[in-house]
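K.L.:
Can you read through this structure? Questions will come right after.
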Amino acid sequence: MKKNLVILISGRGSNMQAIVQACAKEGWNARVAAVISNRADAPGLAFARDHGIFTTVVDHIQFQSREAFDQALGDEIMRHEPTVVALAGFMRILTPEFVKRFEGKLINVHPSLLPAFPGLRTHARAIEAGCRVAGATVHYVTAELDHGPIIAQAVVPVLPTDTPHTLAQRVLQQEHLMVPCVLRWALQGELVIEGGRVKQPDGVSHCWNGMNQPNLA
Ligand code: GAR
């Protein structure tokens, strides 16, 4: 039986596209059962629809409270019986109740090398801080924003000429490689959390290296 993956988006959905493409190309024993957005105008919805994936919108504006929205979102997710729920550019703070409901299933991608720069404007903050490297983190979601056991990270250089936009693009390229790979591991049940850390069963550090990209030469 194929495992179900539910993907939450709020906008462009380029990570979602990378996941959908990898799932098809690599023949995962899983299917993208639903793409759910909290915004009706999320451009990513059209891609999912065009690929025959069930899409729906749970619009946070329609709800009186964060709790009510999370309850409705959770109910929609549950209908698809997911093994894994991927937050791929999902720009909502989640309640502890929601996180508890999907404990061990929620995986987020965040565009910084956590625990540095949780929250917004990560690339601008990395440049302002004079960081020489930046990147992205894929992690299990806990009740604390942009925290939780780290599964994998991708690292890229910060160039002297970088703007938040150019740095974001360089990081995003790595996200597109890392995110599908991590989700495949999660769907295959290969990830184990032990003592608040994700075990690396193969003894390999799950780090995507974008330090030597040809276009930086
Ligand atoms: C990605 O860079 C992702 O890491 C970030 O939003 C972007 C979504 O792009 N996520 C967050 O900032 C979550 N805190 P996408 O919609 O094209 O995948």
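K.L.:
Would region 90-98 turn up any residue that is out of contact with any Lys or Arg (no Cβ under 9 Å at 6 or more places or on another chain) and of a type outside the set (A, V, I, L, M, F, W, C)?
P.N.:
The answer is yes, given that some residue of region 90-98 is out of contact with any Lys or Arg (no Cβ under 9 Å at 6 or more places or on another chain) and of a type outside the set (A, V, I, L, M, F, W, C).
K.L.:
Just for region 85-96: of the residues that are part of a loop (DSSP other than H, G, I, E, B) and under 25 Å from Val20 (Cβ atoms), which one is farthest from the ligand (Cβ to nearest atom)? Show your work before the answer.
P.N.:
To start, the set of residues in region 85-96 that are part of a loop (DSSP other than H, G, I, E, B) comprises 88-95.
Checking the rest, the ones that are also under 25 Å from Val20 (Cβ atoms) come to 88-92, 94.
Numbers: Ala88: 5, Gly89: 3, Phe90: 7, Met91: 6, Arg92: 9, Leu94: 11 Å.
Only one residue fits best here, namely Leu94.
K.L.:
Filter region 102-145 down to residues that are surrounded by fewer than 20 Cβ atoms within 10 Å (Cβ to Cβ) and on the phi > 0 side of the Ramachandran plot and give me whichever is farthest from the ligand (Cβ to nearest atom).
P.N.:
Here is the first cut: in region 102-145, the ones surrounded by fewer than 20 Cβ atoms within 10 Å (Cβ to Cβ) are 102-105, 115-116, 118-121, 124-125, 127-133, 142-145.
From what is left, the residues that are on the phi > 0 side of the Ramachandran plot are 104, 119, 121, 130.
Values: Gly104: 20, Gly119: 8, Arg121: 9, Gly130: 21 Å.
Filtering first and then ranking leaves Gly130.
K.L.:
Given the criteria among the aliphatic types (A, V, I, L, M), within 17 Å of Gly148 (Cα to Cα), touching a helix residue (DSSP H, G or I) at 6+ places or on another chain (Cβ under 7 Å) and more than 10 Å from the ligand (Cβ to nearest atom), does Val99 qualify?
P.N.:
So Val99 does not fit the description; no.
K.L.:
Restricted to region 74-84, and to residues that are surrounded by fewer than 21 Cβ atoms within 10 Å (Cβ to Cβ) and in a loop (DSSP other than H, G, I, E, B), which residue is farthest from the chain's Cα centre (by Cα)? Spell out how you get there, then give the answer.
P.N.:
Residues of region 74-84 that are surrounded by fewer than 21 Cβ atoms within 10 Å (Cβ to Cβ), as a first pass: 74-76, 78-81, 83.
Going one step further and asking which of them are in a loop (DSSP other than H, G, I, E, B), we end up with 79-81, 83.
Working: Arg79: 21, His80: 18, Glu81: 19, Thr83: 15 Å.
Result: Arg79.
K.L.:
A further question follows. I need every pair where a residue in region 2-24 that is within 23 Å of Asp70 (Cβ to Cβ) has its Cβ under 9 Å from the Cβ of a residue that is buried (at least 20 other Cβ atoms within 10 Å of the Cβ) and of a type in the set (Lys, Arg), sequence separation at least 6 or different chains.
P.N.:
So the pair list comes out empty.
Since every read-out is calculated from the coordinates, none of them should be taken as a lab result. Just so it is clear, the structure is predicted and the values come from calculations on it, not from any experiment. Cβ atoms come from the backbone with ideal geometry, glycine included; neighbour counts cover every protein chain shown.
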